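First comes the structure, then the notes that go with it.
The values are calculated or read from the model by the stated rules, or taken from the named source; none is laboratory data. Being a predicted model, the structure only gives us computed values, none of them experimental. Positions of Cβ are backbone-derived with ideal geometry, glycine not excepted, and every protein chain shown enters the neighbour counts. Just the protein is used for accessible areas: all its heavy atoms, side chains included, with ligands, DNA and RNA removed. Shrake-Rupley method; radii C 1.70, N 1.55, O 1.52, S 1.80 Å.
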Amino acid sequence: MQDSWEALARECAGCRECALHQTRKNVVFGVGNPQAEIMLVGEGPGANEDATGVPFVGRAGQLLDDMLAIIGLDRERVYICNIVKCRPPGNRDPLNVEQDACIGYLRRQIALVRPRILVCLGRIAAMRLIDDKFRITRDHGRWYDVDGMRMTAIYHPSALLRDPSRRPETFDDLKEIQREVGRICPRTTPAKPGEL
Ligand code: URA
């Protein structure tokens with residue numbers, strides 16, 4: 001049977017596949033345009049996301065919005081979600097068992113969106129979606145062809161808040177993504193400078 005957003009969201013909302021369901025306030029499913037040509041995948045919800053059910057709403061989320069605006073994108077032009085949909089307590093990295101339990105939901109989201117470009121936000125997403133040997137310091141900004149998509153990874157906005165010295169490299173990576181959007185995303189019209 002064909003998958004649907006309704007079925008997927010319903011299953012996700014009731015999920016008890018790993019221990020994170022015991023401590024979550026909300027399942028953080030995804031946000032943005034389900035028909036986007038560009039998808040961004042983070043690691044997992046933090047406290048603000050757990051409280052609201054929306055990905056990237058805290059300080060890291062504000063920075064992510066600023067990063068998108070630099071290249072003429074916003075939440076209407078992309079789809080954003082995470083490797084795990086429930087908050088790991090204390091903001092620790094999601095465990096492999098938690099990622100394994102949750103990855104099927106992300107695979108189904110990817111299959112429904114069918115993005116041309118998938119941007120991993122940080123190491124955890126890149127190791128899971130691109131290569132388990134991915135090293136963010138070495139491999140950020142590189143392009144990989146995976147399952148018919150162009151994939152890349154940039155530093156996680158939280159990492160950029162902790163270490164602003166990484167911002168110039170991330171700016172270059174964002175410009176590279178902008179070029180690729182112009183090349184292979186015909187339905188995505190970037191906002192004009194100052195519009196966002
Ligand atoms: N960090 C993430 O990886 N995802 C969020 O949704 C928020 C912060």
Checklist entry - Are any residues in the stretch 148-164 touching a residue at least 12 places away in the same chain (Cβ under 8 Å) and either within 16 Å of the ligand (Cβ to nearest atom) or open to solvent by 60 Å² or more (accessible area, probe 1.4 Å) (or both), and if so, which ones? => result A153, I154, Y155, H156, P157, S158, A159, L160, L161
Checklist entry - If you scan the stretch 106-136, which residues turn out to be open to solvent by 30 Å² or more (accessible area, probe 1.4 Å) and either part of a helix (DSSP H, G or I) or touching a residue at least 24 places away in the same chain (Cβ under 8 Å) (or both)? => result R107, R108, A111, L112, R116, R123, M127, R128
Checklist entry - Within the stretch 85-105, which residues are closer than 20 Å to T52 by Cβ and part of a helix (DSSP H, G or I)? => result P89, G90, N91, C102, Y105
Next on the checklist: Where the second residue is assigned to a loop (DSSP other than H, G, I, E, B) and open to solvent by less than 50 Å² (accessible area, probe 1.4 Å) and the first is more than 6 Å from the ligand (Cβ to nearest atom) and lies in the stretch 50-61, which pairs have Cβ atoms under 6 Å and are six or more apart or on separate chains?
Outcome noted: G53/V28; G58/G46
Item to check | Within the stretch 24-49, tally of residues that are more than 18 Å from Q178 (Cα to Cα) and within 10 Å of the ligand (Cβ to nearest atom) | outcome: 11
Checklist outcome for this item: When C102 is run through (1) touching a Leu at 6+ places or on another chain (Cβ under 7 Å); (2) within 14 Å of the ligand (Cβ to nearest atom); (3) within 16 Å of E11 (Cα to Cα), the failure sits at (1)
Checklist entry - T170 is checked against (1) polar (S, T, N, Q); (2) in contact with a Leu (Cβ under 7 Å, 6 or more places away or on another chain); (3) open to solvent by 60 Å² or more (accessible area, probe 1.4 Å) and fails just one. What number does that condition carry? => result (3)
Checklist entry - Would you call V31 open to solvent by 20 Å² or more (accessible area, probe 1.4 Å) and touching a strand residue (DSSP E or B) at 6+ places or on another chain (Cβ under 6 Å)? => result yes
Checklist entry - Of all residues in the stretch 137-147 being assigned to a loop (DSSP other than H, G, I, E, B) and away from the ligand (no atom under 16 Å from the Cβ), which is least open to solvent (accessible area, probe 1.4 Å)? => result G141
Next on the checklist: Among the residues of the stretch 177-196, what is the count of those that are at pLDDT 95 or above and open to solvent by 100 Å² or more (accessible area, probe 1.4 Å)?
Outcome noted: 4
Next on the checklist: Taking the condition of being β-branched (V, I, T) and outside any loop (DSSP other than H, G, I, E, B), how many residues in the stretch 42-68 meet it?
Outcome noted: 1
Checklist outcome for this item: For the stretch 13-28 the number of residues that are in a helix (DSSP H, G or I) and surrounded by fewer than 21 Cβ atoms within 10 Å (Cβ to Cβ) is 4
